[in-house]
Amino acid sequence: MPISLHAALVPSWLQILGSLNTLIDKAEASDFTEEAIVQQRLIDDMLPFAYQVKSAVVHSQGAIEGVRKAVFSPDMTPPPASFAAMRNQISGAIHFLQNVDEAEMEGFIGAPMRFEIGEKRIDFTAENFLLSFSQPNFYFHATTAYDVLRMIGVPVGKLDYLGALRIVG
């Protein structure tokens, strides 16, 4: 039986967004200041922790919103400046994704979709945009947020990143 576009994306997005909440909880419980973590970078030329969290939201909720409009442009607003603001963004994305209809997503298949940033334009079908652009970006930013915390010594591990696995039983 083929897997639906919804099944290929939404449950995993929800899983990892939930794990980002856990990572923020552990960061908040650590000895590091909120400001230090929010602004922490993995390396100088990468954007900070808060941007990584924001980008996971952008490449899940924002990706669906983009497909609905047939165009996606990166959200250039500043990232959240606090753990509470990050949790609020994640909560909004979770609520949004929980209400995305599977039939609507199946209707995306074959629809034209464009990525735009500045003068750059890249055309996709909606499913190829979601699966080859937004999904890899989502995991990149979620993993980078995890890596930032690991790098500075926040006690997080692989199971924290994996979140609530969808197991039998």
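The values are calculated or read from the model by the stated rules, or taken from the named source; none is laboratory data. Because the structure is predicted, anything quoted here is derived from the model rather than measured. Here the Cβ positions follow ideal geometry from the backbone for every residue, glycine too, while neighbour counts run over all protein chains shown.
For region 97-116, the set of residues classified as under 14 Å from Ala63 (Cβ atoms) and outside any helix (DSSP H, G or I) consists of Val100, Ala111, Met113, Arg114, Phe115, Glu116, listed by residue number.
Applying the set (1) closer than 15 Å to Ala27 by Cβ; (2) assigned to a helix (DSSP H, G or I) to Val154 leaves exactly one unmet item: (2).
Which pairs do you get when a residue that is within 19 Å of Asp44 (Cα to Cα), found in region 144-163, comes within reach of a residue that is surrounded by 12 or more Cβ atoms within 10 Å (Cβ to Cβ) and of a type in the set (Asp, Glu), reach meaning Cβ atoms under 9 angstrom, with the pair 6+ apart or on two chains? Listed pairs, sorted by first residue: Tyr146/Asp160; Leu149/Asp160. Could we say that Ile109 is more than 17 Å from Ala7 (Cα to Cα), of a type in the set (Val, Ile, Thr) and at pLDDT 95 or above here? Judged against the criteria, Ile109 is not a match. Taken over region 66-84, the criterion of being more than 17 Å from Ser132 (Cβ to Cβ), in contact (Cβ under 8 Å) with a residue 24 or more places away in the chain and not in a loop (DSSP other than H, G, I, E, B) is satisfied by Phe83 alone.
May I ask you to list the residues in region 93-119 that are of a type outside the set (D, E, K, R), closer than 30 Å to Gln39 by Cα and surrounded by 13 or more Cβ atoms within 10 Å (Cβ to Cβ)? The answer is Ala93, Ile94, Phe96, Leu97, Phe115.
Residues checked against (1) at pLDDT 95 or above; (2) closer than 17 Å to Leu17 by Cα; (3) not polar (S, T, N, Q):
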| site | (1), (2), (3) |
| --- | --- |
| Gln61 | yes, yes, no |
| Lys69 | yes, no, yes |
| Pro78 | yes, no, yes |
| Gln98 | yes, yes, no |
| Phe115 | yes, no, yes |
| Gln135 | yes, yes, no |
| His141 | yes, yes, yes |
| Leu149 | yes, yes, yes |
| Gly153 | yes, no, yes |
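Taking Tyr161, is it within 23 Å of Ala8 (Cβ to Cβ), aromatic (Phe, Trp, Tyr), surrounded by 17 or more Cβ atoms within 10 Å (Cβ to Cβ) and modelled with pLDDT of 95 or more? Considered against the rule, which asks whether it is within 23 Å of Ala8 (Cβ to Cβ), aromatic (Phe, Trp, Tyr), surrounded by 17 or more Cβ atoms within 10 Å (Cβ to Cβ) and modelled with pLDDT of 95 or more, Tyr161 comes out as yes.
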